[in-house]
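For reference, the structure is listed below as structure tokens.
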Amino acid sequence: MKILGIETSCDETAASVVENGTTELAFVVASSKDFHEKTGGVVPEIAARKQVDFMIPVLDQVFKEVPKEEIDAIAVTQGPGLIGSLIVGIEAAKALALALDKPLVPINHLIAHFYANFISHNPADIKFPALVLVVSGGHTDLVLMHDHGDLQYLGGTLDDAAGEAFDKTARILDIASYLGGPQLSKLAATCKQNSVAGSLPRPLLNKDNYDFSFSGLKTAVKRLWAQNDFPVEEVACEFETAVVDVLVEKTIKAASDFSVQSILLGGGVSANTQLRSRLQLRAKELEIPLFLPELRLCGDNASTVASAAFYNFTPLSLEDFKRISPNPSLSITD
Ligand SMILES: Nc1ncnc2c1ncn2[C@@H]1O[C@H](COP(=O)(O)OP(=O)(O)OP(=O)(O)O)[C@@H](O)[C@H]1O
Ligand SMILES: [Mg+2]
């Protein structure tokens, strides 16, 4: 089954075709990131206007690789995300579904992040129950996946998401004004000896739950940075290590508490080198297979949307089809 995925939850306009949930036949991503760098954050109206501009060229490119007559279904991000951006993707998907007379599958963006692993690995190797850590720009959630479509929310961030904390800290440290997580991490990797090691808090690390909190950490960075003339790479490294300490230990705690058979990582921050390597070490100690998405599939893309649709395929009646509308605050358990 060949599914066309469409993703427009934030500043990307993406379309992909994935066969049977795992084989990518087309992958196109256009981003309006450059337009938001000047303002230091996404301007929702600009993001949506750019998606209007990009949508048809992106689809045209996909249909050059897979003729539209070969598409069996269309999947689209329903939320969470920016309302204007979601509208562009959903309306394009509805129009295509009507024109091609194919089923439409609405997909939760956060659940789509899980499916980067079903493309990056042999799906048969991913055994349930699996524990999923979604770490992205807007979310940090631990979810128990009993099966496709059978999810149990364990906990998540009470305030800032991990990616948001990376981006805000990159701004505090003058590393980058917009989406500075990757640059902060690159700089942190250059730190050989750290005079500030252990000086930042590890929020909720020893609490007996699966929740996270990163907003206080950002304030602590501000204080540390104002205190003295510490080299920026040392502060960046201490910040990254504090975040990774909490993410790794909470994930390992949940994995052992629920005796899972696999651990999956998803979302933009799953590209973080320290997180990947330290989680790999801890998972190995517990002898639980860890699945990491290919770097290209960590952030927002439409292959994950198409894969999620294959594994969670529910044909809609015409009435349900008419009712599909964007849900900017969709949660993982909705
Ligand atoms: N190597 C890295 N280290 C740390 N953070 C990173 C790295 N690469 C990307 N990120 C962060 O990942 C985030 C982007 O991820 P993603 O695109 O999944 O978020 P989003 O789609 O905006 O949010 P959500 O998925 O919650 O709706 C940004 O905060 C970015 O800084
Ligand atoms: Mg995302």
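Around residue 27, what is the net charge, scoring Lys/Arg as +1 and Asp/Glu as -1 over all other residues with Cβ under 14 Å from its Cβ?
Charge balance in the 14 Å sphere: -4.
Taking Cα centroids, how far is region 167-218 from region 81-114 in Å?
Taking the Cα centre of each part, region 167-218 and region 81-114 sit 34 Å apart.
At residue 228 and residue 127, where each label point lies 7 Å from the Cα along Cα→Cβ, what is the point-to-point distance in nanometres?
That separation, rounded to one decimal, is 4.9 nm.
Let me know the shape class of region 191-265, please: from the alpha-carbon gyration tensor, a ≥ b ≥ c as square roots of the eigenvalues, rounded when a/c is under 1.5, otherwise prolate if a/b is greater than b/c, or oblate. Don't skip to the answer; put the middle values down first.
Details: a/c = 3.40, a/b = 2.13, b/c = 1.60.
The shape class here is prolate.
Which lysines have a Cα less than 18 Å from the Cα of residue 222, not counting those fewer than 8 places away in the same chain?
Cα-Cα hits under 18 Å: 168.
For residue 207, go through the lysines and keep the ones whose alpha-carbon is under 22 Å away, minus same-chain ones fewer than eight residues off.
Within the straight-line cut-off, residue 207 pairs with 218, 250, 253.
Among the lysines, select those whose C-alpha is under 18 Å from the C-alpha of residue 94, and discard any that sit fewer than 8 residues away in the same chain.
Within reach: 2, 68, 102, 322.
What are the ³J(HN,Hα) couplings of region 162-179, residue after residue, when phi is run through the Karplus curve with 6.51, -1.76, 1.60 and θ = phi - 60°? Round to Hz, x for glycine and proline.
Those phi angles translate into 4, x, 4, 5, 4, 5, 5, 5, 4, 6, 4, 8, 6, 8, 7, 8, 9, 6 Hz.
Could you check the spin-label model distance between residue 286 and residue 61? Points 7 Å from the Cα along Cα→Cβ, value in nm.
Placing both labels 7 Å beyond Cα along the Cβ direction yields 3.9 nm.
What number, in percent, do you get for the relative contact order of the chain if the mean sequence gap of Cα pairs under 8 Å and at least 6 apart is divided by its residue count?
Once divided by the residue count of the chain, the mean separation gives 26 percent.
With the alpha-carbon atoms as the only input, what is the per residue convex hull volume for the chain in Å³?
Cα-based convex hull of the chain, divided per residue, equals 123 Å³.
Going by the alpha-carbon gyration tensor, a ≥ b ≥ c the square roots of its eigenvalues, is region 15-171 rounded (a/c under 1.5) or, if a/c is not under 1.5, prolate (a/b greater than b/c) versus oblate? Mind dumping the intermediate values first?
On the way: a/c = 1.92, a/b = 1.08, b/c = 1.78.
Because a/c hits 1.5 or more and a/b fails to exceed b/c, region 15-171 counts as oblate.
Tell me the trypsin sites (Lys or Arg not before Pro) within region 81-174 that lie in a loop according to DSSP and have at most 16 other beta-carbon atoms within 10 Å.
Passing sites in region 81-174 are 127.
Test of understanding: what is the full-extension gain from residue 192 to residue 209, defined as 0.36 nm times their sequence separation minus their Cα-Cα distance?
On the way: separation 17, 0.36 × 17 = 6.12 nm, distance 3.32 nm.
Going from the current span to full extension adds 2.8 nm.
Using θ = phi - 60° and the Karplus form 6.51 cos²θ - 1.76 cosθ + 1.60, what ³J(HN,Hα) does each residue of region 64-74 get, whole Hz, x for Gly and Pro?
Per residue, the Karplus-derived 3J(HN,Hα) values read 6, 8, 10, x, 4, 5, 7, 6, 9, 7, 10 Hz.
Report, in degrees rounded to the nearest 10, the 0 to 90 angle that the Cα long axis of helix 232-257 makes with the longest principal axis of the chain.
So the helix axis and the longest Cα principal axis differ by about 70 degrees.
Which Cys residues of the chain have no other Cys Cβ less than 4.7 Å away and so no disulfide-compatible partner by this rule?
10, 298
In the chain, what % of DSSP beta bridges are antiparallel (nearest 5)? Walk me through the numbers on the way to the answer.
Numbers: 26 of 43 bridges.
Taking every DSSP beta bridge within the chain, about 60 percent pair in antiparallel fashion.
What angle do you read, to the nearest 10 degrees and between 0 and 90, between the alpha-carbon axis of helix 83-100 and the longest principal axis of the chain?
It works out to around 30 degrees.
With n ≥ 4 as the cut-off for DSSP H runs, can you work out [θ] at 222 nm for the chain, using -39500 (n - 2.57) per run divided by the number of residues, rounded to the nearest 500?
-13500 deg cm²/dmol
Rule-based calculations on the coordinates, nothing more; no lab input. These numbers were taken from a predicted model, which means no experiment stands behind them. Here the Cβ is made from the backbone with ideal geometry for all residues, glycine too, and neighbour counts use every protein chain on show.
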